[in-house]
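Reviewing the structure listed below.
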Amino acid sequence: WTSRDLPWTKNLEVYNKIVFGNNSFRPNQREIINATMSGCDVFVLMPTGGGKSLTYQLPALLCAGITLVISPLVSLIQDQIMNLLQTNISAASLSAGMEWAEQLEILQELSSENSKYKLLYVTPEKVAKSESLLRHLEILNSRSLLARFVIDEAHCVSQWGHDFRPDYQGVGVLKQKFPNIPMLALTATATASVKEDVVQALGLVNCVVFRQSFNRPNLWYSVVPKTNKCLEDIDKFIRENHFDECGIIYCLSRMDCEKVTETLRAFGHKAAFYHGSMDPGKRAFVQKQWSKDEINIICATVAFGMGINKPDVRFVIHHSLPKSIEGYHQECGRAGRDGQRSSCVLYYSYTDYIRVKHMISQGGLGQGQMKMGYNCKASSGRMLETNTENLLRMVSYCENEVDCRRFLQLVHLGEKFDSTNCKNTCDNCSSSKILIDKDVTVIARQLVELVKLTGERFSSAHIVEVYRGSLNQSVKRNRQETLHLHGAGKHLTKSEASRILHYLVTEDILAEGVRKSDLYGSVSSLLKVNRSKAASLLSGGQSITMRFPSTI
Ligand code: ADP
Ligand code: ZN
């Protein structure tokens, strides 16, 4: 896909320079454009700021017909259209809030012979619910004027992801109705299982996948115990490291946002809060103040983030536990877009885990649903399981005092990272804590046997429960209290057991899979045994050593 000898190559160079004002292509941009212009379905994993927009906007100019872009938020769409206008590209959008007459006018202009529009942006619910949009797409298609479908923030399709939006599921209809139109799915965050789920839900065929390293070398990660002096600690941290610099503090609830803001103000910081229950005008005002450096700290729920492009965010602090490693990685990713050193500090307490777990069980699920006000109580028990599993992975990340934070995040996103490349830029790599090697072969073997014994149908969190001898409902329902390995690991803490289990995943001895479980196609994770890799461990030919904090 690197070829510079395709019919459109010359135009690519010219348009990239003249229309978009870029001197060259960024990593993967040319390759993605070549693949999509060749008519392939393409899946792109590229960190935020990597330059995803160009990969469909440039082809949109070079191909006959319309490029349909599905994008989750009206505000994101408006930003994109404004940016395009500055480069003299005319794009239109349809969203639920628009007058019908206005929508009709746009649709008619689109199907006219010499439409001025090259791109049409729509929110996902438009695709799912608007018959007339689909009819117009059919007309365009019959005249060979439907160039390409682009699914922005494609991870929102997956229930397994951290930002599931039910409306995205309706987007699957596009490939069913128009199997020959190439589709380009773009995201800045997806684990391997989320990617699989998205590919299936969208109906991508033999898709070409581009992925870039998600490592952000200029971000410094640490996890700090959260005490009841947390706000004093945050004040001190900012004062000592980032005074008067710009940052985000993520809080769990609207009340937390307001409380944190008030305290930081009393400490002399220029702070404001931002959450989903504020009216949109006020929210936009706060965001603007922050963008213009009139305030430097924004205390926000996860509602604040998508589409934030401030380059000089020097710190992202998590005042409480994020709901998933994926979400955490993405929230941290809003720091240091300009490449300068920036800090990501997470304040962790087990009490917060209980709080978040409670919120999840009450139906406060993914951030997408919360933002859009869906009634989550109606969603299935599987969904709850998925969210709980994601949360437990986050807990085990926080409780891990040994492994490189980059390694842990990237492994979760399906990327191998050699932690010697961290160069002491995370708390664990730079810690002076004494670590000792322990032989965990017996434990590892028992865990693998347990996964096998239970039929390779359970999540890692469940396996840890059985191994530590839990008698919870799920263990009993599956009659696992009678297994000989039930309770064999009761001398381990939950975080030790899950760390060893996850290590086996990173060594490919166990593999994580996805199970489609019910009528509604919801998914949950499960562990499988990689027979060939596990053979030597099971037969006694391989021993496993891991480092643990010395307790002496
Ligand atoms: P993403 O959607 O991946 O977060 P964007 O498409 O918004 O990223 O691009 C981020 C920034 O990078 C934008 O300001 C864009 O103009 C710029 N950019 C994209 N491609 C190039 C390029 N080839 N050369 C220079 N700047 C680029
Ligand atoms: Zn590290």
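The values are calculated or read from the model by the stated rules, or taken from the named source; none is laboratory data. Given the structure is predicted, the values throughout are model-derived calculations rather than measurements. FYI the Cβ positions are ideal-geometry reconstructions off the backbone, even for glycines, and counts take in every protein chain you see.
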Query raised in the report: Do we have any residue at all in segment 60-71 that's touching an Asp or Glu at 6+ places or on another chain (Cβ under 8 Å), farther than 23 Å from Arg334 by Cα and within 16 Å of ligand 1 (Cβ to nearest atom)?
Result: yes
Query raised in the report: Counting only residues that are surrounded by 15 or more Cβ atoms within 10 Å (Cβ to Cβ) and either away from ligand 2 (no atom under 12 Å from the Cβ) or outside any strand (DSSP E or B) (or both), how many does segment 214-237 have?
Result: 11
Requested in this report: Examine segment 408-419 for a residue that is within 30 Å of the chain's Cα centre (by Cα), outside any helix (DSSP H, G or I) and closer than 29 Å to Lys490 by Cβ, and state whether such a residue exists.
Outcome: no
Query raised in the report: Based on what the data block shows, is Glu240 among the acidic types (Asp, Glu) and touching a Phe, Trp or Tyr at 6+ places or on another chain (Cβ under 8 Å)?
Result: no
Requested in this report: Of all residues in segment 32-59, count the ones that are within 28 Å of Gly97 (Cβ to Cβ) and away from ligand 1 (no atom under 13 Å from the Cβ).
Outcome: 0
**Report entry** Meets criteria (within 16 Å of ligand 2 (Cβ to nearest atom) and within 18 Å of Thr545 (Cα to Cα)) for Leu435
**Finding:** yes
Query raised in the report: Would segment 205-213 turn up any residue that is within 16 Å of ligand 2 (Cβ to nearest atom) and either modelled with pLDDT under 95 or assigned to a helix (DSSP H, G or I) (or both)?
Result: yes
Query raised in the report: Does segment 379-398 include one or more residues that are at pLDDT 85 or above and within 16 Å of ligand 2 (Cβ to nearest atom)?
Result: yes
Report task. Could you tell me whether any residue of segment 302-314 is assigned to a strand (DSSP E or B) and out of contact with any Pro (no Cβ under 7 Å at 6 or more places or on another chain)? Result -> yes
Query raised in the report: What number of residues within segment 249-295 are under 25 Å from the mean Cα position of the chain (by Cα) and of a type in the set (Gly, Ala, Ser)?
Result: 5
**Report entry** Any hit, segment 463-480, residues being outside any strand (DSSP E or B), small (Gly, Ala, Ser), within 14 Å of ligand 2 (Cβ to nearest atom) and farther than 19 Å from Lys528 by Cα
**Finding:** no
Report task. Could you list, in sequence order, all residues of segment 423-462 that are more than 18 Å from Asp403 (Cβ to Cβ) and not in a loop (DSSP other than H, G, I, E, B)? Result -> Thr441, Val442, Arg445, Gln446, Val448, Glu449, Leu450, Val451, Lys452, Leu453, Ala461, His462
Requested in this report: Test Glu196 against the criterion of being more than 19 Å from Ser71 (Cβ to Cβ), acidic (Asp, Glu) and touching a residue at least 40 places away in the same chain (Cβ under 8 Å), and give yes or no.
Outcome: yes
Query raised in the report: Among all residue pairs at least 6 apart or on different chains, which show Cβ distances below 9 Å where the first residue, located in segment 132-157, is closer than 30 Å to Ser193 by Cα and of a type in the set (Phe, Trp, Tyr) and the second is part of a helix (DSSP H, G or I) and more than 16 Å from ligand 1 (Cβ to nearest atom)?
Result: Phe149/Val171; Phe149/Leu174; Phe149/Lys175; Phe149/Leu202
Report summary line: Of the residues in segment 14-31 that are among the polar types (S, T, N, Q), crowded, with 18+ Cβ neighbours inside 10 Å and near ligand 1 (Cβ under 7 Å from one of its atoms), the one that is farthest from Leu62 (Cα to Cα) is Gln29
Query raised in the report: Looking at Val356, Val345, which is the one that is within 22 Å of Glu401 (Cα to Cα), in contact (Cβ under 8 Å) with a residue 60 or more places away in the chain and assigned to a helix (DSSP H, G or I)?
Result: Val356
Query raised in the report: Given the conditions (1) buried (at least 21 other Cβ atoms within 10 Å of the Cβ); (2) touching a Gly at 6+ places or on another chain (Cβ under 7 Å), which single one is not true for Leu186?
Result: (2)
Report task. Hey, could you check segment 213-263 for residues that are aliphatic (A, V, I, L, M) and in contact with a strand residue (DSSP E or B) (Cβ under 8 Å, 6 or more places away or on another chain) and say which is farthest from Cys426 (Cα to Cα)? Result -> Val260
Requested in this report: For Glu113, state whether it is among the acidic types (Asp, Glu), modelled with pLDDT of 90 or more and surrounded by fewer than 18 Cβ atoms within 10 Å (Cβ to Cβ).
Outcome: no
